[in-house]
Each structure stands twice: as structure tokens, then as C-alpha cells.
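Have a look at the structure below, then the notes.
The values are calculated or read from the model by the stated rules, or taken from the named source; none is laboratory data. All figures in this text were calculated on a predicted structure; none of them were measured in a lab. FYI the Cβ positions are ideal-geometry reconstructions off the backbone, even for glycines, and counts take in every protein chain you see. SASA here: full protein model, heavy atoms, side chains in, ligands and nucleic acids out. Shrake-Rupley method; radii C 1.70, N 1.55, O 1.52, S 1.80 Å.
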Amino acid sequence: MLNISLIQGESRSKKLLFSALLCVLAEAVLGQPDWTAVGKRAQEINYDVRNKPLQVHTDSDIGSWDKLWVQFLPSDGVEGKGIKVELSSIPTYKIGYCIESNEIPLSKLGTDKNRIWTIQFVNTNVKLYCNGIQIFNYDTQISSSETESCRERWSLGTSILIFNVYDRASDFYREYISVCTSLPDSWTSVTTETEFPVDTGTTITVYCQEGHINTGSDVVTCNTYLYQDFEYETMPHCTGTLVELERKSISRDTFIAVDLVYKALDFKTDAAIGSNKKTIIDLFTHGDDVDQAQLQLLFGDRITLRIKSCTGDGAGEPGQDLDRAPAGSGSIRIWRVVLEVDVLKMWCNDELVLSYRFADSQTSGCQSLYGDNDFVRMKFGTEDTATVSYSSLGWTERGERNRKILFNMDYSFQVKTNTIIGKDANAAWRFINGDIKQFIRISFKGYVKISNCMPEKIAIDIPKATKDIRIWTIEFYDRKLVIICNGKNFFEYKFSDSADNNCMLWRKKPTHIMFYKDEWVQDTESDQFRNNPKGLNIFICSVSKTTIPNFLAILRKQSNGS
């Protein structure tokens, strides 16, 4: 936005008039109403903020000590309540009768002194935004409100608006029209059958044009308080055509090298419900030729999974019903199995159908068998009559440091380490997109650093892990990056929380990764890496329907061109 304070030799009133003109010209494109000058303070204005979100324009500098101070009164003249923002050197906000004073991070206010503040009521919550960034979202009726007056005052009407006599920051105000006019242009190949415009709060189903798959959320919510933006779990993103995973035809009773710990075994079955066919997967540790563990899928009148030493071993013993396994009209199903330290997860046709915790078993030895052993080989049993093919998403050795590796960051970047907590050592990864080069550093002394976002390193607790083996998962989203360790959310960083504008460069997803080494920092602990479907190692409560891409084909294709 144009900084009008650079116009020299003009009076404050002319500058404000020019600012208003700029706002009118800009907002006319968005279909917003004209601004109204605040004028004389302490005058009653008929404006019900509960039904009409309020926007206020200010152009005061941080450190000016100017105040934005609005009050809301019921029509019967009872003393109202208000919101005050003080633009001191450390800006603060106050919610009348509820919060006396809270600091506002400077990163949320930006460097441009022209700011638009949006006040919105949703049920008992009052929300404040500055240039689309949420400052607070406060429930005025929660029991922890500081005084009973908070609940009482904010439960009253809000039909009258007053700009307080000490308000020196507010220049103009208006009603904010809350509609979304279209999907963002940046969502290439994403489309919807919803007709625009739609009101804030409207949920919209999106999908990809023919020949593409959506690796993000398929439902988004219009939220114009984020300035024509949308709320979603993962930004919709359409990739190339989904190709069937390349699966090897199985030879029963033949050893297959596999590592099921945090690694997916993918297999196809051809078995109708009621066919009494079965899939048998025998698992072996180092040097063992006799299976210690076994998984059996039974296709009876329902689909059942037997986990040896956990849910029953004999033919007459019950297994774990997979009630959510898609029945379908045919007999072909694609299964995915991941074995974690304390849980076995299974997907069928891309839907999570089982998350079995070994500790929940009534059979002694279940946890120690599956949680404490590394299974490195497997067989499909001789009595397996259902399985027709399989594939396993494998790891790649790290290789030389500072080697550029082509990677698909629409999915997760995973790294395996084997390092004790407290060791003076690092896992350091550089992420590259053209001239943009940034890095993430995890020190096993107990801190994390994200370049261009953090002026200093942040202390963290490295989670304990069996045999100190940790799988680090890095996931990139539109507004944040998430680091997951052994299937649990470890660290999350929103780019908007940084005071450094260069932090937003992370929104441009990297195309290459590099295991980092320079004269100050080097990666000494990363052993292996791989691409992985987003959400594969997240707890069941945060897993939704996931499309699994052809990672083997992707990596093979990329290696040919790199």
C-alpha cells in the first residue's frame, strides 16, 4: 500500500482524504462499501456490530501512543463494553471487562502504518483482525473470564457504536461485506460446482480437473476476514495424473527384504467378501528363518485382521474386525500397512481402517514382539490365496552432503536418524527453489533453527525413541511448515509469526533438497531419506482420506532428469 506519509507539505486532513480515496479505489474492485469518516468522537452511531462486521481504518505509527477505541452499547442506554488498541512502542489490546492488557506481536501488525482493523462477532466470541491477521479470538462467556462483568456486559446488545473521546487513531469506518467471489487464481486446475459469490462460513467442495489429483483438502471454507482467502486443513493442490503403483507379482514362501517400521507395505488383493480367501504376511527379524510375527487378512462374511500374539492366532480365534473397510461391488482392494513403535496402521483403498495399539492387547507379549523388534524380511505365506501383487516405499541412502536432490515437496520429506539426545550433532537440511536457499537445523543438544524466520534458535525437547531411531517428517503448507517426529507433531511454525518478511519465502515450495554442510553447520546425523504421503505417520485423529501417489515412478522419473 502507498505510504501517504511520504507526501510532503500536506496537512493531516488532506493526507487522510487522500488515504480514503486510495481505499475507495482499491475496495471498489472488491465490491466493498464506501468508507465513512469517523468525525466527532463520543457520538452515538446506529450500527449493530453483531450483525454487521465492522472495519476501521487507521494510519498511526507504532510508538505514537494513538488509540483505536470503539465501544458497543445496547439501545436502552446501559453502559456498554469496548475494544481498545494502543499503538505504543509495545502495542497492546484491551477487551472491556474481560482482558485488561495483552501485548500484540509486532509481526502481526506489519510495517505499513495504513491498517484495516476488522471486528467480528461469532456467537459468544469476539474477534479482531489487522490487515487480515487475527489478533485475538475471545469467548466472552467462558468461565475463566476475569470477572462476572465480562459475561454480563458482552451478553447485552450492540446496536450502538461509539468511537471513544480518547480515540486518536481511527479515521474511517465501514461495514465489511463478507462474501467470497471466486477461488484463488493460484489454485491451478482446482475447480468447484459452487456458484459464487458465497457468504463467509460457506463450505465449498473442490476437485481437480480431469487428469489431475488433489493432494490437499477437498473441502474449504470461505473466510473473507482473511481477505478473500479460505480456511482449509491443507491447501488444495492438483498434481499430474495418478498412476498405479508398480507392484511386483508375489512368489509365496519367498523372502522379501522389507523394513516395516515407518515404511509402507502396499499390496493388492483379489478376494470378494465371503470367499474365505486370506492374505498371510510372515515377518522376520535379522537372522531368523522362523517367523516371529504374522498378519492375516480373512475375507469371510466380513473382513478380519488377525495379528499374531495380539488378537488371536488359531483359526477359531477372533481377529480385529475392519468394519470400515470398503466393501465395494468388486473384489479388488489396495491395502497399505505401516508398523510404528506402538501402533499398527492399515489403509484400504486410501481410507484408514485400523489403528491398533499393541498396549491394548489382552495377550501378553504383543507390545514387546511388535514394538521392540525390527522386522527386515517378510514372506507371503503358502496358504495366501488373496494377494496378487505388492510394493514397498523404500529409503534412499543420504550420500554426499551438498548434493542437490530433486524432490516433490507436495508430499512429505522424511529423514531417518539414529542419534542419542544430548549429542553435539545436527540434522541440517537445505531447501532450494531457484535462487531461494533456506535451511532447517535440528540440534540433538535440544534446539531448532529455521532460516529467514528465527533470529535465534528455539529450545525444544527432542522426543525419546526406541533405540534412538527417529523418523523426521517435514511437511510444507501454504502458511506454515510442520515437523513430525516418529508420527507425533513435534514442531509447527507459522510464517506470519516471524518479524522477518523473508520468512514468507518458505511459501514458495522447494524443488530440491540438500543435506547441508558449510564451515559453521553440517549434517552429521541424517542416514536415509524418502518421499512419503502427507499424513501417513500422523495420529488417526488427524488423518483424513489420502490419495497415495506413485512415488516409485516419480522418483525414477525425476532421477532420469536430474
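Within region 462-471, can one find any residue that is at pLDDT below 75, of a type outside the set (Lys, Arg) and more than 25 Å from residue 353 (Cα to Cα)? Taking every residue of region 462-471 in turn, at least one turns out to be at pLDDT below 75, of a type outside the set (Lys, Arg) and more than 25 Å from residue 353 (Cα to Cα). Checking each residue in region 87-111 for being open to solvent by 60 Å² or more (accessible area, probe 1.4 Å), assigned to a loop (DSSP other than H, G, I, E, B) and either touching a Phe, Trp or Tyr at 6+ places or on another chain (Cβ under 8 Å) or of a type in the set (Val, Ile, Thr) (or both) picks out 90, 97, 111. Quick check: anything in region 162-173 open to solvent by 30 Å² or more (accessible area, probe 1.4 Å) and within 33 Å of the chain's Cα centre (by Cα)? Scanning region 162-173, I find no residue that is open to solvent by 30 Å² or more (accessible area, probe 1.4 Å) and within 33 Å of the chain's Cα centre (by Cα), so the answer is no. Those strands (runs of 3 or more DSSP E) of region 341-381 in which 1 or more residues are among the charged types (D, E, K, R) and touching a Phe, Trp or Tyr at 6+ places or on another chain (Cβ under 6 Å) occupy 377-380.
For region 209-229, the candidate set comprises residues that are surrounded by fewer than 21 Cβ atoms within 10 Å (Cβ to Cβ) and modelled with pLDDT of 65 or more; within that set, the residue that is nearest to residue 54 (Cα to Cα) is 223.
The set of residues in region 448-481 that are more than 18 Å from the chain's Cα centre (by Cα), within 28 Å of residue 372 (Cα to Cα) and not β-branched (Val, Ile, Thr) comprises 461, 463, 464, 465, 467, 468, 470.
Tell me whether region 503-512 contains one or more residues that are among the β-branched types (Val, Ile, Thr) and assigned to a loop (DSSP other than H, G, I, E, B). Before you say what the answer is, go through the steps one by one.
Initially, region 503-512 is screened for residues among the β-branched types (Val, Ile, Thr), giving 511.
Remaining after also requiring assigned to a loop (DSSP other than H, G, I, E, B): 511.
Among the residues of region 503-512, at least one is among the β-branched types (Val, Ile, Thr) and assigned to a loop (DSSP other than H, G, I, E, B), which makes the answer yes.
For region 234-256, a residue qualifies if it is modelled with pLDDT under 75 and either part of a strand (DSSP E or B) or touching a Gly at 6+ places or on another chain (Cβ under 8 Å) (or both), and the qualifying residues are 234, 235, 237, 238, 239, 240, 241, 248, 249.
Is one or more of the residues making up region 113-126 within 19 Å of residue 44 (Cα to Cα) and out of contact with any helix residue (DSSP H, G or I) (no Cβ under 9 Å at 6 or more places or on another chain)? Yes: region 113-126 contains one or more residues that are within 19 Å of residue 44 (Cα to Cα) and out of contact with any helix residue (DSSP H, G or I) (no Cβ under 9 Å at 6 or more places or on another chain). Can you name the residue in region 322-349 that is at pLDDT below 75 and open to solvent by 50 Å² or more (accessible area, probe 1.4 Å) and, of all such residues, is farthest from residue 292 (Cα to Cα)? The residue in question is 329. Name the residues in region 49-100 that are modelled with pLDDT under 90, small (Gly, Ala, Ser) and over 30 Å from residue 199 (Cβ atoms), would you? 77, the sole residue that qualifies. Pairing each residue of region 38-65 that is without any contact (Cβ under 8 Å) to a residue 12 or more places away in the chain with any residue that is open to solvent by 60 Å² or more (accessible area, probe 1.4 Å), provided the two are 6+ apart or on different chains, yields no C-beta distance under 8 Å.
Kindly check whether there is at least one residue in region 174-192 that is at positive phi, at pLDDT below 90 and surrounded by 14 or more Cβ atoms within 10 Å (Cβ to Cβ). Taking every residue of region 174-192 in turn, at least one turns out to be at positive phi, at pLDDT below 90 and surrounded by 14 or more Cβ atoms within 10 Å (Cβ to Cβ).
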